[in-house]
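Visitor: Here it is, the structure in full.
The values are calculated or read from the model by the stated rules, or taken from the named source; none is laboratory data. Bear in mind that the values here come from a model prediction, so they are computed numbers and not experimental data. Cβ placement follows ideal geometry from the backbone for every residue including glycine, while neighbour counts extend to all protein chains displayed. Protein only, heavy atoms only, side chains kept; ligands, DNA and RNA dropped before computing areas. Shrake-Rupley method; radii C 1.70, N 1.55, O 1.52, S 1.80 Å.
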Amino acid sequence: MAEELTFKDLDLSPEVMDSLKKMGVKRPTTIQQKAIPLMMDNISVIAKAPTGTGKTFAFGIPIIEYLNLDSKMVQALILCPTRELALQITTELKGLARFIKGFRIASLIGGQSMRLQTERLQKNPQIIVATPGRLIDMVERRLVDISNIYTLVLDEADEMLKMGFISDIRKVMALTPKDKQIALFSATMPREIQNITWQFMQDAAEIDVMPKEEDHPDIDQFIIECPEKDKLNAIVNIMEKESLRKVIVFCNTKTTTSKVGDMLTAKGLSAKVLHGDIGQGARNKVMDQYRADKFDVLVATDVVARGIDVDDIEAIFNYDIPKENELYLHRIGRTARAGKSGKAFSLVAYLDRPRMEEIIRYTKVNPVPYETLKES
Ligand code: ADP
Ligand code: MG
């Protein structure tokens, strides 16, 4: 089959090559090898690829390479389902363009003041990263003009549809040039997405990346078989053995996060809890404290997993085994960010075994039994 492409083969600018080097990114992932050449040729793509395989750079690099830095028009619009993700994409693209003078990007998301965002727009960004609701709101108030864009990215399209953004996406299609390039990324391809692609993306190239071990960043994954009641002690023991400090403990429910948070605190760890019922303001505050190393253990549900873009997380624990296969990849993807390595520990009670086996089959991950514990 096709041979491996390097970043050099992709004909990137020296600025982008330098920033990749600076970020410790060496080799393009499969989705990057497939999507970047197509997008650089102005071809629309419909890409299905698992979580954590580098989709942001897959669309970010071609967009950045083709930006007209002299123009004041918005040239690329990136839509994604959540505020956290929008901020994360913005940060990643800023990193990628760090050596490009005159590069301007702005995020437009719900929950932030309109005035602040209007001020950002007055700087004439070439790229806008937005959640659909806020974008439409601002377009309708004529605060932003998307009628001249070259490229539209729909990131995590399946999530956007789940969140009810379909009519907003249709509006964006109508408000942007007919001949624009569209890049649609999704982990799954439900019927609703096929409907969009049939209607708006008939000439697109399709990319289907299967889950593959080497596309996942450098994460050592372990399984610890232990009864439900011993899970907490197992976490504490492993943290000590492995000299881990900054970790995330994932649970499936809010109730469990609160319980686990309390118990870890009782054991003398500095832990804080984050879940969907905690308001955005409080969530941001906890995340800021976590980034600033004000506490060590973040106990969280999957609702917040997507937004956790902290660079120096040493390990994640699955206190509960996730109910969906994709979530496993989301969770482990919180560690080993920005070219660093990381560890993931899954605590598997007897009843969790079938779930864990299914995750392994589907995601092609390869966690190994964690043996060190038994020595003591
Ligand atoms: P996805 O959108 O597919 O879930 P992301 O684009 O968020 O994945 O990338 C996941 C992580 O992998 C990020 O921390 C990113 O910096 C890193 N990454 C992206 N491309 C590469 C690469 N070619 N080599 C190493 N790490 C990469
Ligand atoms: Mg992504």
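Visitor: So, in the stretch 149-161, exactly how many residues are away from ligand 2 (no atom under 11 Å from the Cβ) and at pLDDT 95 or above?
Guide: Total meeting the criteria: 5.
Visitor: What pairs come up if the first residue lies in the stretch 93-120 and is over 27 Å from ARG141 (Cα atoms) and in contact (Cβ under 8 Å) with a residue 40 or more places away in the chain, the second is in a loop (DSSP other than H, G, I, E, B) and open to solvent by 30 Å² or more (accessible area, probe 1.4 Å), and their beta carbons are under 7 Å apart, counting only those six or more places apart or on different chains?
Guide: GLY95/MET23; ALA97/PHE103
Visitor: Among the residues of the stretch 92-108, is any under 24 Å from GLY333 (Cα atoms), under 13 Å from the mean Cα position of the chain (by Cα) and either modelled with pLDDT of 95 or more or of a type in the set (A, V, I, L, M) (or both)? Walk me through it before giving the result.
Guide: Filtering the stretch 92-108 for residues under 24 Å from GLY333 (Cα atoms) gives 92-98, 107.
If we keep only those that are under 13 Å from the mean Cα position of the chain (by Cα) too, we end up with 92-93.
Subsequent filtering for residues that are either modelled with pLDDT of 95 or more or of a type in the set (A, V, I, L, M) (or both) retains 93.
Yes: the stretch 92-108 contains one or more residues that are under 24 Å from GLY333 (Cα atoms), under 13 Å from the mean Cα position of the chain (by Cα) and either modelled with pLDDT of 95 or more or of a type in the set (A, V, I, L, M) (or both).
Visitor: May I ask you to list pairs of residues, at least six apart or on different chains, whose Cβ atoms are under 9 Å apart, with the first in the stretch 1-24 being over 18 Å from LEU38 (Cα atoms) and the second being at pLDDT below 90?
Guide: SER19/VAL25; LEU20/LYS26; MET23/ALA338; MET23/GLY339; GLY24/ALA338; GLY24/GLY339; GLY24/LYS340
Visitor: Let me ask something else. Quick test of your reading of the structure: GLU206 fulfils all but one of (1) closer than 23 Å to ASP158 by Cα; (2) free of Cβ contacts under 8 Å to residues at least 24 places away in the same chain; (3) open to solvent by 70 Å² or more (accessible area, probe 1.4 Å). Name the failing condition by number.
Guide: Among (1) closer than 23 Å to ASP158 by Cα; (2) free of Cβ contacts under 8 Å to residues at least 24 places away in the same chain; (3) open to solvent by 70 Å² or more (accessible area, probe 1.4 Å), GLU206 violates only (2).
Visitor: Here's another thing I want to ask about it. Looking only at the stretch 21-39, which residues are hydrophobic (A, V, I, L, M, F, W, C) and under 26 Å from GLN194 (Cβ atoms)?
Guide: First, the residues of the stretch 21-39 that are hydrophobic (A, V, I, L, M, F, W, C): 23, 25, 31, 35-36, 38-39.
Across the stretch 21-39, the qualifying residues are ILE31, ALA35, ILE36, LEU38, MET39.
Visitor: Right, something else. Does GLY333 count as out of contact with any strand residue (DSSP E or B) (no Cβ under 6 Å at 6 or more places or on another chain) and surrounded by fewer than 18 Cβ atoms within 10 Å (Cβ to Cβ)? Lay out the reasoning, then the answer.
Guide: On the way: out of contact with any strand residue (DSSP E or B) (no Cβ under 6 Å at 6 or more places or on another chain): yes; surrounded by fewer than 18 Cβ atoms within 10 Å (Cβ to Cβ): no.
No, not satisfied.
Visitor: While we're looking at this one, here's another question. Select the helices (runs of 4 or more DSSP H) contained entirely in the stretch 1-93, then report the ones holding at least 3 residues which are within 16 Å of ligand 2 (Cβ to nearest atom) and crowded, with 18+ Cβ neighbours inside 10 Å. If you could, list the steps in order and put the result at the bottom.
Guide: Details: elements: 14-22, 30-40, 55-65.
Passing ranges, in order: 30-40, 55-65.
Visitor: More than 16 Å from ligand 2 (Cβ to nearest atom) and under 18 Å from the mean Cα position of the chain (by Cα) - does that describe any residue in the stretch 116-131?
Guide: Looking through the stretch 116-131, at least one residue is more than 16 Å from ligand 2 (Cβ to nearest atom) and under 18 Å from the mean Cα position of the chain (by Cα).
Visitor: Among what's in the stretch 43-56 and is of a type in the set (S, T, N, Q) and either within 15 Å of ligand 1 (Cβ to nearest atom) or under 15 Å from LEU12 (Cα atoms) (or both), pick the residue that is farthest from the chain's Cα centre (by Cα).
Guide: Filtering the stretch 43-56 for residues of a type in the set (S, T, N, Q) gives 44, 51, 53, 56.
Okay, now just the ones that are also either within 15 Å of ligand 1 (Cβ to nearest atom) or under 15 Å from LEU12 (Cα atoms) (or both), so 51, 53, 56.
On the way: THR51: 7, THR53: 9, THR56: 8 Å.
This residue is THR53.
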